[in-house]
Amino acid sequence: MPENRTPSLPIPMSSPDLTQAERQAVMAVLRTPHLSLGPQLTAFEAAMAERVGVRHAVAVSSGTAGLHLCVRAAGIADGDCVITTPFSFAASANVLLYERAIPVFVDVDPDTGNIDPALVARAAADLAQGGKAARRWLPRKGAEQAGPLKAILAVDVFGQPADYDALAPTAEEHGVPVIEDSCEALGASYEGRTAGTLGDAGVFAFYPNKQMTTGEGGVVVTDRDDWAETARALRNQGRAVGDTWLAHTHLGYNYRMDEMSAALGLAQLTRLDELLAKRDRVAAWYGERLAEIPGVEPPRSADSATRVSWFVYVIRLGAEVDRRALVERLQDRGVPSRPYFSPIHLQPYFVERFGYRPGDFPVTEDLGWRSLALPFSGVMTQAQVDYVCRALQEALRGND
Ligand SMILES: *Cc1c(COP(=O)(O)O)cnc(C)c1O
């Protein structure tokens, strides 16, 4: 059957890819009395650990929750410094604020948008030196009580792993762990190694726009027994191994993943290779079509990214393009699009708390102003991709 040339509008920004198998798996849970801390959770964690190739997978209620647990496992607390990136989804920096730590931002690589390891090395050395050297990297405000460097938190932006081999010597030299925010990178690999395993712990997220979904959910993956134990205790109200239901060794949270979500996750994980292949195919369609459109640049990847796991499809606009007008013209044609990312250091609460200003991280800001995410999911049809690209071409032509 030929594909319909004019897809129904509007085209969604993202869509989960669900089948009868997922629906049956969730319904089966509802026929049992086990809705939390049951067999689905155990099975999902075992399957995830096996798939990623780690000793431990600890499923949680969101990617943000998983990152927060890693921050707690690393012992990050009041005033501790953590080097991280301002070009990310806000959650990767927010989890540091939850513990009143100080995010020490460094700028990113202009090609990949990932944290620049050379800047990480310089920032770590200067922080260790203290005084005037350290102040070059600390925010203008809110860092009067800056403590020692406690960790590096890198983000695998848009499904492409950061440069971990270049980050490792800095982490080693300063004796700090690396937390990998791989929430956008399930299925990616770096120099042949699996995303999520490239630091002391990695975190995947399962919001409906991610490579696979559990509705809400996330997972911490690690080979570190101590971190896994902490994550297990803290997600479950601080109950340590051996604690009874009303005994709480630690200050914990309710970050548990319920059984319906775990069952959905297990069914999606079984299909992961298919899900990733479908996303690859859609990205390839975009790549072909966009090559014909002047004024837009397709995503770039580094050679070290031996597999990019397509999370979003983010193009870069030429400096002459008025992005706001373009977004409106696309919207008029039934095509949603989204500026991606809005730099974290310029979010209002970061400006208020730390005194950041435009110009502080120029590469991040340039990427932030020029990037545009197009509709993307594994269930997009070729006709939909063609339609989006035609709309983009027309909308760009209307640009003066
Ligand atoms: C999706 C995402 C998260 C976590 O998101 P949740 O909505 O909490 O699951 C964290 N960091 C990045 C970079 C993300 O894209």
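Tabulated results
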| item | result |
| --- | --- |
| Rounded accessible area of Cys70 (nearest 10 Å², 1.4 Å probe) | 0 |
| Neighbourhood net charge (9 Å Cβ-Cβ; Lys/Arg +1, Asp/Glu -1) for Asp223 | 0 |
| Total formal charge among the other residues, if their Cβ is under 13 angstrom from that of Gly334, Lys/Arg +1 and Asp/Glu -1 | 0 |
| Interchain or long-range residues, amide H under 5 Å from Tyr313's placed H | Leu374 |
| Pairs of lysine residues in the chain - Cα separation under 28 Å, sequence separation of 8 or more or cross-chain | 4 |
| Positive minus negative residues near Tyr190 (Lys, Arg vs Asp, Glu; Cβ under 13 Å) | -4 |
| Residue-normalised accessible area of the chain, given per residue in Å² at a 1.4 Å probe | 42 |
| Positive-end residue of Leu186, Ser92, Leu37, charge dipole of the stretch 20-269 with Cβ unit charges | Leu37 |
| Highest-MSF residue in the chain out of Thr32, Thr170, Thr194 [GNM, Cα springs under 10 Å] | Thr32 |
| Protein-only accessible surface order, largest first, of Arg232, Arg31, Arg357 at 1.4 Å | Arg31, Arg357, Arg232 |
| Solvent-accessible area of Asp107 with every protein chain in place, 1.4 Å probe, in Å² to the nearest 10 | 20 |
| Carbon/sulfur fraction of accessible area - the chain, other protein chains in place, 1.4 Å, % | 52 |
| Mean residue ellipticity (222 nm) of the chain, computed from DSSP H runs ≥ 4 via -39,500 (n - 2.57), nearest 500 | -12000 deg cm²/dmol |
| Student exercise, the stretch 20-269 dipole from Lys, Arg, Asp, Glu Cβ charges, in Debye to nearest 20 | 660 |
| Rounded to whole Hz, the Karplus (6.51, -1.76, 1.60) HN-Hα couplings of the stretch 243-252, x for glycine and proline | 5, 7, 4, 10, 10, 10, 5, 10, 6, x |
| Calculated from backbone phi, Karplus (6.51, -1.76, 1.60) coupling profile of the stretch 156-162 in Hz, x at Gly/Pro | 8, 6, 6, x, 10, x, 5 |
| Under Karplus coefficients 6.51, -1.76 and 1.60, residue-wise ³J(HN,Hα) of the stretch 227-235 in Hz, glycine/proline x | 5, 5, 5, 4, 4, 5, 5, 6, 5 |
| Percent RCO, i.e. relative contact order, over the stretch 20-269, from Cα pairs under 8 Å lying at least 6 residues apart | 27 |
| For Ser36, residues with placed amide H under 5 Å, excluding near neighbours | Glu259 |
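The values are calculated or read from the model by the stated rules, or taken from the named source; none is laboratory data. The model shown is predicted, which means the values in this text are computed figures rather than measured ones. So basically every Cβ, Gly included, is an ideal-geometry build from the backbone, and we count neighbours across all protein chains shown. Quick note on the areas: whole protein, heavy atoms, side chains included, nothing else; ligands and nucleic acids left out. Shrake-Rupley method; radii C 1.70, N 1.55, O 1.52, S 1.80 Å.
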